[in-house]
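Worksheet: the structure to be examined is printed underneath.
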Amino acid sequence: MKKITIAIDGFSSTGKSTIAKQLAKHLGYVYVDTGAMYRAVAYFAMQNGYIDKEFFDKDTLIASLPYIKLHFVFNAELGFGEMYLNDVNVEKEIRTIEVSGFVSKVAEVSEVRAKLVEQQQQMGKDKGIVMDGRDIGTVVFPDAELKIFMTASAATRAQRRYDELKAKGDSVSYDEVLKNVEERDYIDTHRDDSPLVKADGAYEIDNSDLTREEQFETVLGLVKELD
Ligand code: C5P
């Protein structure tokens, strides 16, 4: 089968990365988690004191963009690429609730988006890629052969994210996670630049009541239909 581009967009914690990783593994494609890239920039801003609960020095972050180097290094054991920020593995650091609290504000900045979108388009230029995010089917790869838009109820999503954070030993409450998920949904869908919307031609999958297997079979069915 000819290599294609698969764009998976949707709200926070809809299980986009789970399905994207499964698909990439099954098809022998590269998986790119674009949320990790926005998270790494937010982490950089946090580390350098450009963003806090009360303020956000956007201009200094924009001026620093040329000094932010992002790349993925494939981890064979995990089966996907881990996020590196200026040559340091930040996979763990970028998944905290603190970074989740800042990332959507950082992702609103057009200069940040322009830099990351360019890099994402470069990574996918040879196709054979599964990329997940918020603007993949609308902005990064509007011509992707397969576009998926994932949804699930906010409560289902918050519970998933809460279970994930707890399993990693983070001391968060369910309410804190739900609030974060709802805040990010709001910012992501209301921003001026590349708001989260269902792309033209995207298949919508509500996975609130689907098992992982059912979800995978549904998406794989869509891939096979293209053949
Ligand atoms: O996918 P994840 O939940 O890790 O993404 C973190 C945040 O990064 C999102 O809430 C959104 O603000 C931003 N993001 C984005 N565009 C993408 C991927 C993520 O704006 N393509």
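Among the residues of the stretch 20-57, how many are more than 11 Å from the ligand (Cβ to nearest atom) and among the hydrophobic types (A, V, I, L, M, F, W, C)?
Looking only at that region, the number is 10.
Is it the case that GLU91 is surrounded by 14 or more Cβ atoms within 10 Å (Cβ to Cβ) and without any contact (Cβ under 8 Å) to a residue 24 or more places away in the chain? It would help to see each step written out before you state the result.
Values: surrounded by 14 or more Cβ atoms within 10 Å (Cβ to Cβ): yes; without any contact (Cβ under 8 Å) to a residue 24 or more places away in the chain: no.
No: the conditions fail for GLU91.
Just one of (1) of a type in the set (Ser, Thr, Tyr); (2) farther than 21 Å from ALA154 by Cβ; (3) within 14 Å of the ligand (Cβ to nearest atom) trips up THR96, so point out which.
With respect to (1) of a type in the set (Ser, Thr, Tyr); (2) farther than 21 Å from ALA154 by Cβ; (3) within 14 Å of the ligand (Cβ to nearest atom), THR96 is out only on (2).
Just give me the residues in the stretch 132-149 being in a strand (DSSP E or B), of a type in the set (D, E, K, R) and open to solvent by less than 10 Å² (accessible area, probe 1.4 Å), in sequence order. It would help to see each step written out before you state the result.
So in the stretch 132-149, the residues in a strand (DSSP E or B) come out as 132-133, 146-149.
Adding the requirement that they be of a type in the set (D, E, K, R) leaves 132, 147.
Correct list: ASP132 only.
Hey, could you check the stretch 1-19 for residues that are assigned to a helix (DSSP H, G or I) and either more than 10 Å from the ligand (Cβ to nearest atom) or of a type in the set (D, E, K, R) (or both) and say which is least open to solvent (accessible area, probe 1.4 Å)?
Residues of the stretch 1-19 that are assigned to a helix (DSSP H, G or I), as a first pass: 16-19.
Within this subset, residues satisfying the condition of being either more than 10 Å from the ligand (Cβ to nearest atom) or of a type in the set (D, E, K, R) (or both) are 16, 18-19.
Numbers: LYS16: 18, THR18: 41, ILE19: 0 Å².
Here the answer is ILE19.
So, GLU77, is that one closer than 21 Å to ASP188 by Cα and out of contact with any strand residue (DSSP E or B) (no Cβ under 9 Å at 6 or more places or on another chain) or not?
On the way: closer than 21 Å to ASP188 by Cα: no; out of contact with any strand residue (DSSP E or B) (no Cβ under 9 Å at 6 or more places or on another chain): yes.
It is false that GLU77 is closer than 21 Å to ASP188 by Cα and out of contact with any strand residue (DSSP E or B) (no Cβ under 9 Å at 6 or more places or on another chain).
Quickly run through the stretch 102-128 and pick out the residues that are touching a residue at least 24 places away in the same chain (Cβ under 8 Å), out of contact with any Lys or Arg (no Cβ under 8 Å at 6 or more places or on another chain) and more than 10 Å from the ligand (Cβ to nearest atom).
SER110, GLU111, LYS115, GLN119, MET123, GLY124
Can you name every residue in the stretch 151-177 that is under 20 Å from ARG39 (Cα atoms) and open to solvent by less than 40 Å² (accessible area, probe 1.4 Å)?
Across the stretch 151-177, the qualifying residues are ARG157, ALA158, LEU165, VAL172, VAL177.
Give the residues of the stretch 20-59 that are in contact (Cβ under 8 Å) with a residue 60 or more places away in the chain and not in a helix (DSSP H, G or I), sorted by residue number.
Hits for the stretch 20-59 are GLY28, TYR29, VAL30, TYR31, VAL32, ASP33.
Does ASN207 fit the bill of being within 11 Å of the ligand (Cβ to nearest atom), modelled with pLDDT under 95 and in contact with a helix residue (DSSP H, G or I) (Cβ under 8 Å, 6 or more places away or on another chain)? Please lay out each step first, then the result.
Numbers: within 11 Å of the ligand (Cβ to nearest atom): no; modelled with pLDDT under 95: yes; in contact with a helix residue (DSSP H, G or I) (Cβ under 8 Å, 6 or more places away or on another chain): yes.
So ASN207 does not fit the description; no.
The values are calculated or read from the model by the stated rules, or taken from the named source; none is laboratory data. What you see is a predicted model, and the numbers here were worked out from it, not measured in a lab. Reconstructed Cβ throughout: ideal geometry from the backbone, glycine too, with neighbour counts over all protein chains shown. Protein only, heavy atoms only, side chains kept; ligands, DNA and RNA dropped before computing areas. Shrake-Rupley method; radii C 1.70, N 1.55, O 1.52, S 1.80 Å.
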